[in-house]
Amino acid sequence: MEAPRCWLRLLDQTKLPDVEEYVDCDRVDQIVDAIQRLVVRGAPALGAVGALGVAVAMREGERDRWDRDRLDREVLRIRDARPTAVNLAVGVDRVKPLIDAGVDAVVAEALVHVAEDDWANRRLSALGADWILRTVGHRPVRVLTRCNTGSLATTSWGTGLGLVRELYVRGALGLVYVDETRPLLQGSRLTSWELTQDGIEHVVQVDGAAASTILRGLADVAIVGADRIADNGDTANKIGSVGIALACADAGIPFVVAAPSTTVDPATASGEGIEIEMRPPAEVVTFAGSATAPAGSRGFNPAFDITPARLIDAIVTEFGVVEPDALTSMRDHITARVSSASS
C-alpha cells in the first residue's frame with residue numbers, strides 16, 4: 001500500500017500583493033524550491049517549514065522506498081536551502097531526532113515549535129514596546145522598518161512588525177516608514193500589505209531614502225528583524241540594515257533588533273562567521289523580465305548584511321531586552337533569563 005501523502009500548503013509570497021495563491025508541497029524538491037524562490041521566507045517561518053518539511057520528506061521516502069541514508073540527505077537539503085537564517089536549521093534539528101518515532105511524532109513536535117514561536121513573537125513585542133516607550137519618551141512613535149517581519153515572516157504575529165503592531169494596539173504608534181527592501185521588494189509588497197490589512201498608517205519609501213528620513217528627524221526609532229544573531233550580538237538582516245544603523249547612531253535614535261531566541265546562534269562567535277546569501281544577479285539587472293542595465297552588466301546581489309553589535313541599541317527576544325553595550329554573550333543572557341523564569 002502506498003504511504004499516505006503529507007504536504008505543506010504555503011502562501012506564495014512572490015505573488016503578493018496582487019494574487020493570493022497557494023503552493024502545495026509533498027516532495028522535498030518542491031520545499032527546497034519554495035524556500036529558495038522566497039515563496040516562503042522570514043526566519044521564524046523558515047523554522048516552521050523546516051520542522052514540518054522533515055515530515056514531508058519522511059512520507060516521500062516511504063512512497064519511494066528511500067533507505068535511511070537517502071532520507072538523511074534529503075532532510076539536509078531542506079536544512080541547507082538558505083544559508084543565512086539559522087531558524088531553518090533549528091527547525092529541522094529540533095524534529096530530526098524523532099524520525100525513528102514516526103511521522104506523527106515529528107509533526108507533533110513541529111506544531112509545538114510553531115506554537116512556541118507564536119508565544120515568543122507576542123512576548124517580545126510587548127517587551128520591546130515597553131523599552132521603546134521608556135527610551136523615546138513620547139507618543140506617537142514614528143517608526144522606520146526594513147523588509148517584512150510580520151505574520152508572513154513568522155508563524156502568526158510577527159517580530160519587528162509585531163512590535164509595531166503592539167505600539168499600534170497601545171495607541172502609541174505614529175507614521176511607519178516602510179523601506180521597499182531588496183530582494184523582491186519585500187517591504188513595499190509584503191509589509192505594506194500587512195499594514196494595510198491592519199489599517200496602520202504608513203508610507204513606502206525607496207531604500208536609498210532611509211538614512212535621509214532618519215537624519216531629517218522624521219523617525220524616532222528603527223525596528224528590524226534578524227535572520228541570525230551571533231553570540232556577541234552582531235546581527236544579520238536584510239541588505240541595507242547596517243546603513244540604517246549607522247544613520248541612527250549619527251541621529252541619536254534607537255536601532256532595535258527584534259527576533260525570537262531561536263534566531264540566536266551561540267555557535268557563531270561574531271558576524272564574521274555568518275554566511276551571506278547571494279541572490280541571482282538577474283534580480284539586479286532586470287525587472288519583470290526586461291533588462292534595466294546594459295547588456296553585459298553584472299549584478300551584485302547580497303541578500304543580507306551584518307550590523308555590528310556596537311551599532312545596535314537593543315536586541316529584543318522573548319526572554320527580555322539586552323543592550324549590547326552591557327552584553328557578555330547572547331548565550332549567557334538567554335540562559336540567565338531562562339533560569340530566572342524557571343526558578
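The values are calculated or read from the model by the stated rules, or taken from the named source; none is laboratory data. Just so it is clear, the structure is predicted and the values come from calculations on it, not from any experiment. Cβ atoms come from the backbone with ideal geometry, glycine included; neighbour counts cover every protein chain shown.
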inquiry  = Take the conditions buried (at least 22 other Cβ atoms within 10 Å of the Cβ), outside the structural domain of V322 (by TED's automatic domain parsing), touching a residue at least 60 places away in the same chain (Cβ under 8 Å) and within 30 Å of V285 (Cβ to Cβ) and apply them to A85. Does it pass?
reply    = yes
inquiry  = Checking the condition at pLDDT 95 or above, in contact with a helix residue (DSSP H, G or I) (Cβ under 6 Å, 6 or more places away or on another chain), farther than 25 Å from L46 by Cα and in the same structural domain as D198 (by TED's automatic domain parsing), which residue from L163, L167 passes?
reply    = L167
note = In the set I306, I253, I244, the lone residue that is buried (at least 17 other Cβ atoms within 10 Å of the Cβ) and either part of a strand (DSSP E or B) or among the aromatic types (F, W, Y) (or both) is I306
request  = Take the stretch 181-205 and flag every residue that is of a type outside the set (V, I, T) and more than 14 Å from L16 (Cβ to Cβ).
outcome  = R182, P183, D198, G199, E201, H202, Q205
task = Being over 19 Å from the mean Cα position of the chain (by Cα) and modelled with pLDDT of 95 or more is the filter; apply it to the stretch 114-139 and report the residue that is surrounded by the most Cβ atoms within 10 Å (Cβ to Cβ).
result = I132
query = So W66 fits all but one of (1) assigned to a helix (DSSP H, G or I); (2) free of Cβ contacts under 8 Å to residues at least 12 places away in the same chain; (3) not basic (K, R); what number is the exception?
reply = (1)
Out of A267, A211, sole residue that is under 30 Å from R331 (Cβ atoms), surrounded by fewer than 24 Cβ atoms within 10 Å (Cβ to Cβ) and among the aliphatic types (A, V, I, L, M) = A267
request  = Working only within the stretch 182-192, note down all residues that are touching a residue at least 24 places away in the same chain (Cβ under 8 Å) and over 19 Å from L218 (Cα atoms).
outcome  = R182, P183, L184, Q186, R189, L190, T191
task = Please go through the stretch 270-281 and pick out each residue that is surrounded by 14 or more Cβ atoms within 10 Å (Cβ to Cβ) and part of a helix (DSSP H, G or I).
result = G271, G273
request  = Can you run down the residue pairs with Cβ atoms below 6 Å, 6 or more apart or on separate chains, where the first is in the stretch 1-21 and at pLDDT below 90 and crowded, with 17+ Cβ neighbours inside 10 Å and the partner is small (G, A, S) and not in a strand (DSSP E or B)?
outcome  = C6/A55
inquiry  = Among the residues that make up the stretch 92-104, is at least one of them more than 30 Å from T181 (Cα to Cα), touching a residue at least 24 places away in the same chain (Cβ under 8 Å), of a type in the set (D, E) and part of a helix (DSSP H, G or I)?
reply    = no
query = From R79, R63, R41, which residue is modelled with pLDDT under 95 and surrounded by fewer than 24 Cβ atoms within 10 Å (Cβ to Cβ)?
reply = R63
